[in-house]
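The values are calculated or read from the model by the stated rules, or taken from the named source; none is laboratory data. Predicted, not measured: the structure shown is a model, and the values here were computed from it. A quick note on method: Cβ atoms are made from the backbone with ideal geometry, for glycine too, and the neighbour counts reach across all protein chains shown.
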Amino acid sequence: MKTLLSLFALALAMFAAPALAHDPSGYAPMKPFEPYAGHTYRGEGTGPDGKKVIDIAKWEFILGGRALQTTHRLEDGSYGGRTIIFFDEAAKEYVFHYFTTAGFHTTGKAELTDKGFRAVEKVIGHPTYAEVRSEIFLEGKNLRTTSQHVTVDGDVSDVEEGFLYRPIDDEEIGPLFEGGEHHE
């Protein structure tokens, strides 16, 4: 399950922000995400069993550019999720919700940094984890993530290297989820 939560952190990482082609409104709070919206990424990392894990994620502006949506799945189709990130005007902060094929979901807040962003999310409906803390580093067109997991008992893991995501063409991914569901 750590891998699944780490993958969320990766999917969220994608929110850290190519062009505003999908954002006709030019909504100022979402400008930091322009370089990443409208792209699909392939992330490589290592699962808790030491095996290589591949995650595919697509980022796009939705709701007239007022929110960013990332949809991801493991290359083998065993897990996926969708994150919606938006700027809460009243609180003046970025908030997000993440929904998974594993039955749990998360909600959290993200803070922009000079190198990308940090996120803290509350995990709801997972038997082992209560919180995930992640950091996303923007490295040119690529994204790199790290994460920490907090168990329901309050134990905090060491900071774990996450995934390195590189842009790919949509033609390389086929359906984003098994069963033919395409992300439009």
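Details
- Evaluation of His126 against (1) assigned to a loop (DSSP other than H, G, I, E, B); (2) touching an Asp or Glu at 6+ places or on another chain (Cβ under 9 Å); (3) at pLDDT 95 or above (one fails), failing number: (2)
- Look at the stretch 33-62: where a residue is of a type in the set (S, T, N, Q) and a partner is outside any strand (DSSP E or B) and surrounded by fewer than 17 Cβ atoms within 10 Å (Cβ to Cβ), sitting 6+ places away or on another chain with Cβ atoms under 6 Å, you get Thr40/Asp170.
- The set of residues from the stretch 148-170 being closer than 27 Å to Tyr36 by Cβ, part of a loop (DSSP other than H, G, I, E, B) and aliphatic (A, V, I, L, M) comprises just one member, Val159.
- Scanning the stretch 137-173 for residues that are surrounded by fewer than 11 Cβ atoms within 10 Å (Cβ to Cβ) and modelled with pLDDT under 95 gives Gly140, Asp158, Asp169, Glu171, Glu172.
- Some residue of the stretch 89-97 being within 20 Å of Leu164 (Cβ to Cβ), surrounded by 16 or more Cβ atoms within 10 Å (Cβ to Cβ) and touching a helix residue (DSSP H, G or I) at 6+ places or on another chain (Cβ under 7 Å): no
- Residue in the stretch 83-105 that is within 27 Å of Gly154 (Cα to Cα) and among the basic types (Lys, Arg) present: no
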